[in-house]
Amino acid sequence: MSNADQPLRYWLGDDDDPEQARFFVEALSARGWLAGDSTHWDAAWITPMPAPAVYQRLAPGQTINHIPGNNQITVKSALHQTLQTALRRWQNLPGHDPQAQWPSFLPATFNMPEDFAALQAAANTSPDSAWIVKPANAARGEGIYLTDSVAEVPQHSGWVVQRYLDQPHTLDGYKYVLRLYVLISSLEPLCIERFNEGSVKLASAPWDPAERDNVYAYLTNPDVNARNPDGGVTFLSLSAYAERLRQAGHDPERLMASIDAVIVQTVMAAASGMRERCAQAGIAPNQVYELLGLDCLIDANLKPWLLECNLSPSLEICADVATGGRAEHVMKKALVDDLLVRVGIVNEPSNATHQFKRLFPAADSPAYWSMLAAPSLIDQIAAQSALGHDWSPVYAPWQVEERYQQDGLKLVHTVTGEVFAPNATASWIWLQAASGMAADSIAAALVETVASDSAPSLGQARQEVWAVLGQWAQSGLLRQTEVNSRL
């Protein structure tokens, strides 16, 4: 680690793709940073997920660009499982269908081989559906293909199958996917931001629903379309796309609001798991951040569908100058410049032409607060600042059976069978939470309940109550029940 009289240093790990780190290096070099090594560095930019040893050696003041546990959403085979688990937790909230089997923005998804029977049942129910088959942990469009028959699907591990969305919105007759750049700039308090610009990834052959064998017509990945001898990669910025929609009589602001909801819910689904992984590894939340690349397909009704959530989205320039490469360069450079400011690595951008929009915490989205599995006291401070009034979570029992025995209360997880044996104070806290009392109200009541000579301060009581409730919520014994709680 550098001290005050030494220059700051960056480290790229063992990255063999200098283009991916180009703008990171340029931004820091312009501010006097020097190249470091595995021992001497202040900020690391590593394209793949770092080895566990990198996190084990993480020293105070060092910042790294990946959050442990991000694979809950960045691995295709885990994304839908993470969202399904979150959906079950959200089903008691207003606006969520208690019978829903899938998040409304995610195509039906099946992991092989364990979900093959469910895939067959879905195919029998919808015999006209096509299915897109993807390697579970690949990138750059490799190995993806379409099929009309689930009998052709590999029945061994490492493959994911999704219902194919066969009615996409098109631009000039070409299918496209939106690439949104999403930044988890803070893990605690949770802060989710979207870069105001983005990319429109277009296929390089005209869309034809009957042409299932032409990857250049149904895949939009730039690495795939760069191989098309009759086409190539075309870059269109998100702002240019919005103007195209506006000229066609559509409302791009409404579409982006829908996309922002998809973004927040996707990150919310994994946030508590990422926090838990950091705590297990002894990593301070302010030492890590994550830039994600979310791919959304827009269907003919202008509804967004989440296809993938990518680790280390490409920062290379894919298009040439004639097809939008200059605009792509400007956008990606600004993206990294602004990112370094948002996560506190540098004080100000060198030439900020774009900015990140904070999606959470935000005053206009109070419903999101109840989607976080186990909010912390630090989250509460952010919530109250954003909402402009006091807020405290209200929980209800979930996936739990209460057993009263001679030696006290036992809580049994009805899914895992795990048994929890809270002490007397924790049992009392459980009973108050189960009756619908907000977390801070429980803390105030705890101070009043304990004998005056041993009563904790309100601050101590709040720490204990929030920690206990958070642990139970993280374990799946409690879930939030109210969109917004004013004390």
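The values are calculated or read from the model by the stated rules, or taken from the named source; none is laboratory data. Remember, predicted model here, so these are calculated numbers, not experimental data. Cβ atoms come from the backbone with ideal geometry, glycine included; neighbour counts cover every protein chain shown.
A few points about this structure:
- Here Ser199 meets each of (1) under 20 Å from Arg244 (Cα atoms); (2) surrounded by fewer than 23 Cβ atoms within 10 Å (Cβ to Cβ); (3) of a type in the set (Ser, Thr, Tyr); (4) within 25 Å of the chain's Cα centre (by Cα) with one exception, condition (2).
- Screening Pro127, Pro135 for residues that are more than 22 Å from Val224 (Cα to Cα) and of a type outside the set (S, T, N, Q) leaves exactly one candidate, Pro127.
- The one condition from (1) farther than 27 Å from Ser237 by Cβ; (2) surrounded by 15 or more Cβ atoms within 10 Å (Cβ to Cβ); (3) free of Cβ contacts under 8 Å to residues at least 40 places away in the same chain that Ala362 does not meet is (1).
- For the range 80-120, residues that are in contact with a strand residue (DSSP E or B) (Cβ under 7 Å, 6 or more places away or on another chain), over 16 Å from Ser149 (Cα atoms) and in a helix (DSSP H, G or I) total 2.
- None of Leu106, Leu119, Leu28 is in contact (Cβ under 8 Å) with a residue 24 or more places away in the chain, surrounded by 13 or more Cβ atoms within 10 Å (Cβ to Cβ) and not assigned by TED's automatic domain parsing to the domain that holds Ile144 except Leu28.
Every residue, every condition in (1) within 23 Å of Ala300 (Cβ to Cβ); (2) assigned by TED's automatic domain parsing to the domain that holds Leu302; (3) surrounded by fewer than 17 Cβ atoms within 10 Å (Cβ to Cβ), yes or no:
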site	(1), (2), (3)
Asn124	no, yes, yes
Pro127	yes, yes, yes
Asn137	no, yes, yes
Gly143	no, yes, yes
Thr147	yes, yes, yes
Val150	no, yes, no
Arg163	yes, yes, no
Pro168	yes, yes, no
Asp172	yes, yes, yes
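- Taking each residue of the range 207-229 that is surrounded by fewer than 16 Cβ atoms within 10 Å (Cβ to Cβ) and looking for partners that are part of a helix (DSSP H, G or I) with beta-carbon atoms closer than 6 Å, six or more apart or interchain, yields Asp208/Ala217; Glu211/Ala217.
- In the range 1-57, the residue that is modelled with the lowest pLDDT out of those that are over 25 Å from the mean Cα position of the chain (by Cα) and among the polar types (S, T, N, Q) is Ser2.
- Selection within the range 373-386 - surrounded by fewer than 20 Cβ atoms within 10 Å (Cβ to Cβ) and touching a helix residue (DSSP H, G or I) at 6+ places or on another chain (Cβ under 6 Å): Leu377
- Residue match in the range 447-469 (condition: among the hydrophobic types (A, V, I, L, M, F, W, C), touching a Lys or Arg at 6+ places or on another chain (Cβ under 9 Å) and surrounded by fewer than 19 Cβ atoms within 10 Å (Cβ to Cβ)): no
- Strands (runs of 3 or more DSSP E) enclosed by the range 369-487 - at least 1 residues per element that are modelled with pLDDT under 95 and farther than 21 Å from Trp90 by Cα: 400-405, 408-413
- Scanning the range 304-328 for residues that are over 16 Å from Leu238 (Cα atoms) and charged (D, E, K, R) turns up Glu308, Glu316, Asp320.
- Any chance Ala78 is under 21 Å from Gly476 (Cβ atoms), assigned by TED's automatic domain parsing to the domain that holds Ile283 and crowded, with 16+ Cβ neighbours inside 10 Å: yes
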